[in-house]
2 protein chains.
Amino acid sequence: MNGAQALIRTLVDAGVDTCFTNPGTSEMHFVSALDTVPEMRAILGLFEGVVTGAADGYARMADRPATTLLHLGSGLGNGLANLHNARRARVPVVNIVGDHATYHLPFDAPLTSDIAGIAAGVSTWTRSSATPADVARDAAEAVAASYGPPGRVATLILPADVSWGDGAEPSAPVSAESRKQVSDSTVTEIAKILRSDEKSALLLGGHVLRRAGLSAAGRVGQAAGTALLAETFPARLQRGAGLPAVTRLGYLAEFVEAQLADVRHLILVDAKSPVSFFAYPGKPSGLVPEQCSVHVLAEGADDGVGALEALADALGAGPEGASGPVVPRPDIPTGPLTADSVAAVVGALLPEGAIVSDESNTSSLSLGAMTAGAPVHDWLTLTGGAIGQGMPVATGAAVACPDRPVLSLESDGSAMYTVQSLWTQAREDLDVTTIVYNNRSYAILNLELSRVGAEPGPKAKALFDLSEPPLDFVALGRGMGVPSARVETAEELASQLRLALAEDGPHLIEAVVPSIV
Amino acid sequence: MNGAQALIRTLVDAGVDTCFTNPGTSEMHFVSALDTVPEMRAILGLFEGVVTGAADGYARMADRPATTLLHLGSGLGNGLANLHNARRARVPVVNIVGDHATYHLPFDAPLTSDIAGIAAGVSTWTRSSATPADVARDAAEAVAASYGPPGRVATLILPADVSWGDGAEPSAPVSAESRKQVSDSTVTEIAKILRSDEKSALLLGGHVLRRAGLSAAGRVGQAAGTALLAETFPARLQRGAGLPAVTRLGYLAEFVEAQLADVRHLILVDAKSPVSFFAYPGKPSGLVPEQCSVHVLAEGADDGVGALEALADALGAGPEGASGPVVPRPDIPTGPLTADSVAAVVGALLPEGAIVSDESNTSSLSLGAMTAGAPVHDWLTLTGGAIGQGMPVATGAAVACPDRPVLSLESDGSAMYTVQSLWTQAREDLDVTTIVYNNRSYAILNLELSRVGAEPGPKAKALFDLSEPPLDFVALGRGMGVPSARVETAEELASQLRLALAEDGPHLIEAVVPSIV
């Protein structure tokens, strides 16, 4: 058996049965070996940013890694921004990056590149397999490494001669590490703080933003009167009717300041202490007010859910936390579309079990409130800030959860980085409905330009203007095989969204909205 | 004056007056400063691969660098593949990569990344400006460094506080190095070899593939009976009626073997000794036959044109080299399109002074022969092998040469990596005509799969099949504001190409062709 065959068999045996790929010549033996391992599904992307973002979205929903298959350093480079986002999402991803044959590297052929160097910034585990006999064990270790905890990007470089060379055998799965129990003393200490009269808040992130963690946090909140906050950009937040409500920290520092204004104790549970997304002249980078103390309940590899449960028990909490306030679903509005009326339509129609991939940026302001009363759903966000993540993540989430509807909420500017996602959605008949908020601008930059204190002249402003020529997303969607429609009123959006949700397969709705900036 | 203002003024004073950009928040002060320096033109790309590829194409035609303006490590990552190609093209490019404010970096905000680490593989000169007082001098040195020789990618990291901080002053240009004269002894030695009866060939690359170098090489060829070869993927090859004809080495090792079969002395002139693009089981990586000796006339920073002239003089060559054989232009064919009939139409209609950006891959086989008799034109190719280069390079070339028609010959698969180029072409009203060869497959990979000796099963073959859903490039072009048409016969192509060449501004022609594989 050659290296590629042993590698793929090993991946499948370790539970990795989905490969998002954009391969090239150096990956041909891996591609050929796919036919020898029927359990491995191969999904083609036309651009590597789609491939890596899909692996991120898949992992967020499947709780296990997909593998990517990428073409040398240039393919990895094209996928780097979404690997950055995956790293920030702390999800498991296994990259397989093809390389030239080991003996070919000294010849410095045109595509020769420093793959390990390019991977270094995003990949916590990186290895180049030296021989066909090594590759299966390397792959098993890559899968184990990707689980962390927390999840991480693991990159296995696969030289072509290691792929095609004989003498390989599959390797047994390697056990991943488990999360570590938080010490009793930490729990006791935090419980003591929460029992005080001073106002406290839990800042929840990462793996505690699912039902189990939220329920435990809800018990803590009820027992100690503690506010429940979530990190600004969670990888996956379960929410909706019946789940304890948590308030995400705002993107703008001013919002966070207001949210933390009277908090005296901020308890971190798999979340980082809040910092400003960008630096602004004369503004602080850290967003924790001076009078607020920060305490860590769980971080890194800690079992945050268990810690929250122990904390609730220590506080003498009942078995059920406070259910959040019952939030009514919005009525479907009428009239010309705005970002807010899009949010109301989404809030009114979001189906049970939906997965929302949200890269709507400035158009997102009222989305949280409008969807708070919707049936239980998952919300996936722009973890690393590198735009072009939303549509690939939606694609991967739909692969992971074929029975759940996926709603991809996209800004026009962000959509154009990885718009090729639509073709993969059509090819795989994925149940993704994309709503593109087309405000014909990089609205966020218009906002940021004034926030950094810069004086916008006409040349500067022109760089945020996407109106000339206008992007026609209906044409772009149809050009990649996705049924597409443009809407300009709330009624039209509701009608098209109902149609899209009722019908399997991908759809695109271009929502023409004014910029909020 | 703040750092950004001094930086842009310094760039303009050093002859860098074009900025291809996709900026973000950390670049807002640079963007704002654009209005203070009217000479700097800013051109927006919707994706960074367009930005960096355009800077490459610009430099190939302008012989001076453009600057890119990119958003932290993720923006640089998105542009990495085309910077790899620019590095291989040995053209000058100056990247300005915005970063967080220096004091913000320890907070590890979401977009924090190791920019220098990501740049390392493509950038020969990398520096992060430490203070506003440093940035202008750093920029002047970056420009000088980018010139090499040979040309290279220089990357200046611009922290936001260096950009917005006061106390900066413009810096005077720093002189670039000149090319070095090749020693008389080297010229004498090569002349002696060429005077022998053994068959010799010049392998020309880089800067000698323009009129001056080609003319000198033509004199050498006439005096010594030496064959004139060119590297496989030149950054810019001047060719057409009246210029000495050179034969590009083939992409496939088998072709190169045939081309070098009876050559006993291969003389490198700013070209590398030929190597196989990829490794194949049981095939050699180096492509120089055993009986052939390789000699270097000029390399690296050497003045290859001067060396060729000295060599011609040493051989007693006359003032004019042999003009190549007069090649008739093809007639316009009729009937259903094939890659060959597209080539004939292009050969028949290519206008004088055209710039051809060629990423037509498997569809390109007869292009060279069919265009050999066309009026003098420039041919730009896929220097680094990272596909997605052709349309951005065409974009940048059109910016550099507004009075020359640009023909962008694209494969369907390659087009989809940086298809956003079309929007910039429309926005800037660039005179680029794109012909997309749509054979609905990654035809090159079908070819390579059999060449590497892999057995293609149905899963493998499906990964090279782009027919489901079919890509509609007319819709994609129109979706980005480019007038677009589909053609299925040679007559239709000729008609549409005539229209496109007669009319200013961008056009797209989708040429439906069968795959040659």
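Read the figures in this text as sums done on the coordinates, not as results from a lab. As the structure is a computational prediction, the values presented were derived from the model and not from experiment. Neighbour counts run over all protein chains shown; Cβ positions are idealised from the backbone, glycine included.
May I ask for the net charge around B:Ser129, where only other residues with Cβ less than 11 Å from the Cβ of B:Ser129 are counted and Lys, Arg are +1 while Asp, Glu are -1?
In short, -3.
When only alpha-carbon atoms are used, what values of Rg and Dmax, in angstrom, describe the protein assembly as shown?
29.3, 101
Counting partner chain Cβ atoms within 10 Å of every residue's Cβ in B:441-454, what's the average?
Partner Cβ neighbours, averaged per residue: 4.
Any idea what Rg and Dmax come out to for chain B if you just take the C-alpha atoms, in Å?
23.5, 70
Given all pairs of different Cα atoms, what value in angstroms does the Kirkwood hydrodynamic radius of segment A:324-413 take?
13.6
Over the protein assembly as shown, what is the percentage of antiparallel beta bridges among all DSSP beta bridges, to the nearest 5?
The antiparallel fraction comes to roughly 10 percent.
How much net charge surrounds B:Ala116 when only the other residues with a Cβ under 11 Å from the Cβ of B:Ala116 are counted, with Lys and Arg +1 and Asp and Glu -1?
My count for the surroundings of B:Ala116 gives -1.
Using only atoms on other chains, find how many Cβ atoms lie within 10 Å of each Cβ of peptide A:378-386 and report the average.
3
Tell me the relative contact order for segment B:336-493 as a rounded percent, counting alpha carbon contacts under 8 Å between residues six or more apart.
Computed over segment B:336-493, the figure is 23 percent.
Distances in nm, one decimal, shortest first, from B:Pro319 to the same residue in every other copy, taking the label point 7 angstrom along Cα→Cβ.
When each copy's label point is compared with this one, the spacings are 10.4 nm.
Of all the residues in chain A, which one has the C-beta that comes nearest the axis relating A to B, and what is the distance in Å?
Nearest Cβ to the rotation axis, residue and whole-Å distance: A:Ala475, 2.
About its Cα centre, how strong a charge dipole does segment B:339-512 have in debye, to the nearest 20, once Lys and Arg get +1 and Asp and Glu get -1 at the Cβ?
360
How big is the C-alpha Rg of segment B:262-338 next to the rule-of-thumb value 2.2 N^0.38 Å, as a ratio?
1.65
Once Rh is set to the Kirkwood radius over Cα pairs, what Stokes-Einstein translational diffusion coefficient, in µm²/s, holds for segment A:165-220 at a temperature of 10 °C and a viscosity of 1.306 mPa s?
So the translational diffusion coefficient is about 104 µm²/s.
Using a 10 Å cut-off on Cβ to Cβ distances, tally the other chain neighbours for every residue of A:469-482 and report the average as a whole number.
That works out to 6 on average.
Normalised by the residues of chain A, what does the relative contact order come to in percent, with Cα pairs under 8 Å and at least six apart?
Contact order relative to length: 14 percent.
Charges at C-beta only: +1 for Lys and Arg, -1 for Asp and Glu. How large is the resulting dipole of chain B about its Cα centre, in Debye rounded to 20?
So the dipole magnitude of chain B works out to roughly 800 debye.
Looking at segment B:339-512 only, what percent of DSSP beta bridges run antiparallel? Nearest 5 please.
If we restrict to bridges inside segment B:339-512, about 5 percent are antiparallel.
How far is B:Arg210 from the same spot in each other copy, in nm, shortest first, if each label point sits 7 Å from Cα toward Cβ?
6.1
For chain B, what is the percent of antiparallel DSSP beta bridges, rounded to the nearest 5?
Percentage antiparallel, nearest 5: 10.
Between B:Ser450 and the same site in the other copies, what are the distances in nm, shortest first, taking label points 7 Å from Cα along the C-beta direction?
Inter-copy label distances (nm, one decimal, shortest first): 6.3.
For segment A:184-314, what is the relative contact order in percent, using Cα pairs closer than 8 Å and at least 6 residues apart in sequence?
With pairs under 8 Å counted, the relative contact order is 32 percent.
Compute the signed sum of charges (Lys and Arg +1, Asp and Glu -1) over the other residues within less than 10 Å, Cβ to Cβ, of B:Arg152.
Neighbourhood net charge equals +2.
Using just the helices of chain B, give the 222 nm mean residue ellipticity in deg cm²/dmol: DSSP H runs with n ≥ 4 each add -39,500 (n - 2.57), and the total is spread over all residues, rounded to 500.
Only helices count here, giving -10500 deg cm²/dmol.
To the nearest 20 debye, what charge dipole does segment B:221-317 have about its Cα centre, counting +1 at the Cβ of each Lys and Arg and -1 at the Cβ of each Asp and Glu?
300
Taking the convex hull of the Cα atoms, report for segment A:3-164 its projected area averaged over all directions, in nm².
Its Cα hull, projected and averaged over all orientations, spans 7.8 nm².
Name the residue farthest towards the positive end of the dipole of chain B from the options B:Pro456, B:Leu46, B:Tyr437, assuming +1 on Cβ of Lys and Arg, -1 on Cβ of Asp and Glu, about the Cα centre.
Final value for the positive-end residue is B:Pro456.
Convert 10 °C to kelvin, take the viscosity as 1.306 mPa s, use the Kirkwood radius over C-alpha pairs of segment B:87-138 as Rh, and evaluate the Stokes-Einstein diffusion coefficient in µm²/s, rounded to a whole number.
124
Could you run the Debye sum over the Cα atoms of segment A:184-314, one equal point scatterer each and no solvent, and tell me log10 of I(q)/I(0) at q = 0.20, 0.21 Å⁻¹, two decimals?
-1.14, -1.25
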